[in-house]
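Report on the structure given below.
The values are calculated or read from the model by the stated rules, or taken from the named source; none is laboratory data. What you see is a predicted model, and the numbers here were worked out from it, not measured in a lab. A quick note on method: Cβ atoms are made from the backbone with ideal geometry, for glycine too, and the neighbour counts reach across all protein chains shown. Surface accessibility is based on the protein's heavy atoms, side chains included, excluding ligands, DNA and RNA. Shrake-Rupley method; radii C 1.70, N 1.55, O 1.52, S 1.80 Å.
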Amino acid sequence: MSTNKEQQAFGSLSPAVMRASTVVFDSLEDFVQRKKRQPDGFSYGVTGTPTARLLERRIAELEDGQHCVIAPSGAAALMTTVMGFVRGGDHMLVSASCYGTLKTFAEKWLARMNVEVELYKPAIGAEIEALIKPNTKMICMESPGTVTMEMQDIPAIARVAKKHGVLTMLDNTWASPLGFKPLQHGVDFSIEAATKFFSGHSDVLMGSITMNNHEHYDVLRETQSILGQQVSPEDCFLVLRGMETLALRVNAQGESTLAVARYLEKHPLVERVMYPPLESDPGHAIWKRDFNTNGCLFSLVLKPGPERAFHAFFDALKHFVIGASWGGVHSLAAYYPAALQANRPYPATDQPVVRLSIGLEGAEALQMDLEQALAAYGNALSSK
Ligand SMILES: Cc1ncc(COP(=O)(O)O)c(C=O)c1O
């Protein structure tokens, strides 16, 4: 039977989208020896396709890492990393500012599987040493933290972890590897929600785990395959295409983000802007020391007001659309009620939080949009 060899040999500038559940071999000998003969380990679709491997190589290069495993979402990348290494009887430290789904997984699933889960204060730095126990297996970090943007001293935490033989993983989605390279700072696993900046167009879910250690790679490749965490080649193609413009988008969105954040910082109805590139942010010194980009995501605390005032603000927005994601070319606004902070240890605020993701519409247009939405908020505050 003819296979698709001619098609695969065709030289195109764009990556080939190779679909496969089934991989075929020329002889029984090739089939029997398939794992040894194929350095990339292609033997069945679940272990990946050449399109997936190309994306993994591109991400590894960008992260300055040796190996990468992609997963069907950022959440899948986080959970796959934990599932690869953490077992019943282990102790796991998780920053209180980590992505909510990771904390839910740790507290609801892992804790029931006899994993000792402990949430720590994001600003802990080297003092994390006091929390390390003989059975501590992994530290899960995110910097800046989800929604409230707390910076962490990643190099200090990674140093302590190395000293005690504890694995570290960092959700690096906010900075992307253009802004911060976790592996260079001693982190074992750099996780990206490729859904955000990498893809850049709000139309695909994907995650990546990048590392240097080959044994860790073997564990995660096996975990990815056992959990059936394969990604479609079409989705890989979309992320590969998005990455062609990653640097341009990160820079342009970062510039607008800083301009919009500086404008909001001065607005009388804004109580606080949570954004490490601002000098007023408690994490600014660490951001300045370690990071090279501004990101496109930050949060606001408005002057206290009733729920209806937030409705007036959000419903008045024209350029910003209301949605919980971020990192794409369209600006987004999301609302996090005060209860969400109250339910978390070491909360950064007891107020509702408005989170903005800045796209490519241009800072001036976005400022005007926020100006009139804040005016609507102000009107709602003063009306009975
Ligand atoms: C910081 C961060 N990490 C991970 C994720 C999860 O990514 P995904 O939506 O692809 O599962 C998100 C999604 O919002 C995120 O903001």
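Rg and Dmax of segment 246-382, using alpha carbons, in Å: what are they?
Values for segment 246-382 (Cα only, Rg and Dmax): 14.5, 44 Å.
Once the whole set of protein chains is in place, how much accessible area is left on residue 44, using a 1.4 Å probe, in Å² to the nearest 10?
130
Averaging over every viewing direction, what projected area does the convex hull of the Cα atoms of segment 34-129 cover, in nm²?
Values: hull surface 33.7 nm².
Its Cα hull, projected and averaged over all orientations, spans 8.4 nm².
I need the phi-derived Karplus couplings for segment 160-173: 6.51 cos²θ - 1.76 cosθ + 1.60, θ = phi - 60°, integer Hz, Gly and Pro marked x.
With the stated coefficients, segment 160-173 comes to 4, 4, 4, 4, 9, x, 9, 6, 10, 10, 10, 7, 9, 4 Hz.
Between 155, 306, 72, which gets the highest mean-square fluctuation from a Gaussian network model of the chain, Cα cutoff 10 Å?
306
Using only Cα atoms and rounding to the nearest 10 degrees, what angle (0 to 90) does helix 233-244 make with the longest principal axis of the chain?
Around 60 degrees separate the two axes.
What percentage of all Cα-Cα pairs in segment 16-244 are separated by more than 26 Å? Show your work: numbers first, answer last.
Numbers: 9272 of 26106 pairs.
Tail fraction, whole percent: 36.
Provide the gained length on full extension for the span residue 266 to residue 338, in nm with one decimal, where the gain is 0.36 nm per separating residue minus the Cα-Cα distance.
Details: separation 72, 0.36 × 72 = 25.92 nm, distance 2.29 nm.
Answer, rounded to one decimal: 23.6 nm.
Pulled fully out, how much extra length does the chain show between residue 244 and residue 201, if you take 0.36 nm times their separation in residues and subtract their Cα-Cα distance?
Here the segment from residue 244 to residue 201 would lengthen by 14.2 nm.
Calculate for the chain the 222 nm mean residue ellipticity that helices alone would give, adding -39,500 (n - 2.57) per DSSP H run of length 4 or more and normalising by residue count, nearest 500 deg cm²/dmol. Intermediate results must be reported in sequence, preceding the final value.
Working: 15 runs with 146 residues, N = 384.
So the calculated ellipticity at 222 nm is -11000 deg cm²/dmol.
Which residue fluctuates the most in the chain, going by a Gaussian network model with Cα springs under 10 Å, if the choices are 194, 156, 76?
156
Compute the separation of the alpha-carbon centres of segment 146-161 and segment 264-289 and state it in Å as a whole number.
With segment 146-161 and segment 264-289 each reduced to a Cα centre, they are spaced 18 Å.
Can you run phi through the Karplus equation (6.51, -1.76, 1.60; θ = phi - 60°) for segment 98-105 and list ³J(HN,Hα) in whole Hz, with x for Gly and Pro?
Per residue, the Karplus-derived 3J(HN,Hα) values read 5, 3, x, 5, 5, 5, 4, 4 Hz.
Average projected area of the Cα convex hull of segment 138-230, in nm²? Provide the component values of the computation, followed by the final result.
Values: hull surface 26.7 nm².
Taking the Cα atoms of segment 138-230, their convex hull projects to 6.7 nm² on average.
Comparing 351, 224, 33, which has the greatest mean-square fluctuation in the GNM of the chain with Cα pairs linked when under 10 Å apart?
33
Kindly state, to the nearest 0.05, the FRET efficiency for residue 34 paired with residue 87, given R0 = 30 Å and r defined as their beta-carbon distance. Don't jump to the answer; show the numbers that get you there.
Details: r = 30 Å, r/R0 = 1.00.
Once rounded, the FRET efficiency stands at 0.50.
Please give the per residue volume of the convex hull enclosing the alpha carbon atoms of the chain, rounded to a whole number of Å³.
Details: hull volume 55.0 nm³, N = 384.
Convex hull volume per residue, Cα atoms: 143 Å³.
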